[in-house]
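Below is one structure, written out as structure tokens; comments come after it.
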Amino acid sequence: MEDGKSRLQKTQADVEEVKVIMLDNLNKADERAGKISDLEERADNLLLKSKAFEKKTVKVKQQKQWENNKMKIICMAVGIAVGAIVIGIIVYYIVESTQN
């Protein structure tokens, strides 16, 4: 009888040990689920920020292209004006020299 009781106690101890391990596993699974949820939230936030960043970069790129084109137009206008002045001065001196 004692042998049967001893086996029963050993089995109960084994069951208790398995129960503790299972509870520990469940707690760890809950922790992981919480961490996964946090990671998903952070990933969503990063996605939103990346989309906003992309929109901002496109806007800045367009603005810089416009500024670049504007400077090209201004430089061409100044170049044409300087060229016209130089040509005007040359023509003026040619006309002056032929009149004298």
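The values are calculated or read from the model by the stated rules, or taken from the named source; none is laboratory data. Please read these numbers as outputs of a predicted model, since none were measured by experiment. Glycine gets a Cβ as well: all are built from the backbone with ideal geometry, and neighbour counts include every protein chain shown. Please note that ligands, DNA and RNA were not included when accessible areas were found on the heavy atoms of the full protein model with its side chains. Shrake-Rupley method; radii C 1.70, N 1.55, O 1.52, S 1.80 Å.
In table form, for the structure just shown:
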item	result
The chain: most fluctuating residue of Lys61, Lys51, Lys19 per GNM, C-alpha cutoff 10 Å	Lys19
Most fluctuating residue given options Leu39, Leu26, Leu48, as computed from a GNM of the chain linking Cα atoms under 10 Å	Leu26
Per-residue ³J(HN,Hα) for the range 44-57, Karplus 6.51 cos²θ - 1.76 cosθ + 1.60, θ = phi - 60°, Hz, x for Gly and Pro	4, 4, 4, 4, 4, 5, 5, 5, 5, 5, 4, 4, 5, 5
Where the chain is the region considered: accessible area per residue in Å², 1.4 Å probe	96
Pairs of Lys in the chain closer than 29 Å at Cα, counting only those 8 or more apart or on different chains	25
Scaled radius of gyration (Cα, divided by 2.2 N^0.38 Å) that the chain gives	3.36
Projected label distance in nm at Asp30 and Leu47, using a 7 Å step from Cα toward the beta-carbon	2.9
